[in-house]
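Down below is the structure, laid out as structure tokens.
None of the figures in this text is laboratory data; all of them are computed from the coordinates on show. Just so you know, these numbers come straight off a predicted model, no measurement behind them. Every residue, glycine as well, gets a Cβ built from its backbone with ideal geometry; the counts of neighbours run over all protein chains shown.
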Amino acid sequence: MWPEGIRSAVALTVDLDGETPWTVKDPDIAAQPSALSMAQYGPRVGVPLILSLFDEMAVASTFFIPGKSAEDYTETVEAIAAAGHEIAAHGYTHTPPFRLTRDEEEAELVRALEVLGGFSDSVTGYRAPVYGVSVHTLELLAKHGIRYSSNFMDDIKPYRHAGSEVVELPVQWIMDDWTQFVHGSDDWLAQNATSAHVKQLWMEEFRAIHELGGLFVLTLHPQVIGRPSRVQMLAELISEMRSVEGVWITECNTIANHVAQEDA
């Protein structure tokens, strides 16, 4: 499955949501500036810290960005593109597609691609907000030139969807910083695990996936992983993964292109 000498692959992905998860859930939240400040920390502080780390460690990453966030934080997205990272789609308003009609979902996708096209000549990837694809998503992705999805949780290895040209880069909540650090059933602020605990959890999962020759897709959010202690943990995590023989850390589009060629 992988290039010669490679046993497993790692994709370090970043969902730059900005305020969209809050505003799509509660349109009146603008009246609560403190509540939005956590979201604003991501593009203002978290992204620069992450970009600095990735630059220092020569890491190539994929940033999944809602179109609205790209409009709101143009300079941040320009910095991401200038640093050479892949830009991929994450909806427009951060509304999960399963909550939309087919036409509404397509309109969200088209608008997101139009916005992100102003920052990148090639937007070929898509992650749905909260991985919430609909029964129409794969069809719409293929229709609009998206070559890979990173939403499904049915495998530990990438694959091409049956009857489609779309490649899947599987994810799992265990590898998402939101569920580890801040996710709660009622308020999204139910727990704050230590960085050491999360690093141990992720390394255990990474090593197990590596032994099976799979793909480890880490989903990060700048307002979460961008806290200083967690950025330090991320640096340690990357170093430890790199110390394992036969690991390929690269962008999602590179992995998807390899899988497509192998499956041609």
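For this structure, a couple of remarks:
- Put a dot 7 Å past the Cα of Asp121, heading toward its Cβ, do the same for Met203, and the two dots end up 4.1 nm apart.
- Of all DSSP beta bridges in the chain, antiparallel share, percent nearest 5: 10 percent
- Arranged from fewest to most other beta-carbon atoms within 10 Å of their beta carbon, Met153, Met233, Met203 become Met153, Met203, Met233.
- Beta-bridge orientation, segment 74-222: approximately 25 percent antiparallel, per DSSP, counting only bridges with both partners inside.
- Top positive-direction residue, dipole computed over segment 99-211 with Cβ charges, set Gly125, Gln180, Val135: Gly125
- Here Asp103, Asp17 are placed in order of increasing Cβ neighbour count within 10 Å, fewest first, which gives Asp103, Asp17.
- Applying 1/(1 + (r/R0)^6) with R0 = 22 Å to the Cβ-Cβ distance of Asp155 and Glu4 gives a FRET efficiency near 0.45.
- For Lys199, the lysines whose Cα comes closer than 23 Å to its Cα, not counting residues fewer than 8 places off in the same chain, are Lys157.
- Gain upon complete extension [Ile29, Val110; 0.36 nm per residue less C-alpha separation]: 26.5 nm
- Total formal charge among the other residues, if their Cβ is under 9 angstrom from that of Ala60, Lys/Arg +1 and Asp/Glu -1: -2
- Set against the labelled values (i) 19.3; (ii) 18.5; (iii) 21.9, Kirkwood radius over Cα pairs in Å computed from this structure falls on (ii).
- Listed by chain and number, the lysines whose alpha-carbon sits under 25 Å from that of Lys68, ignoring those within fewer than 8 places in the same chain, are Lys25, Lys143.
- When you filter the GluC sites (Glu not before Pro) in segment 1-68 for DSSP loop state and at most 11 other Cβ atoms inside 10 Å of their Cβ, you are left with Glu4.
- Only helices enter the 222 nm calculation for the chain: every DSSP H run of n ≥ 4 contributes -39,500 (n - 2.57), and dividing by all residues gives -12500 deg cm²/dmol, rounded to 500.
- Relative contact order (%) - segment 8-262, alpha-carbon pairs under 8 angstrom, separation at least six: 28 percent
- Every Cα-Cα pair in segment 12-109 was counted, and those over 18 Å apart are 49% of them.
- Extension gain, Glu75 back to Ala196 (0.36 nm per residue minus Cα-Cα distance, nm): 40.3 nm
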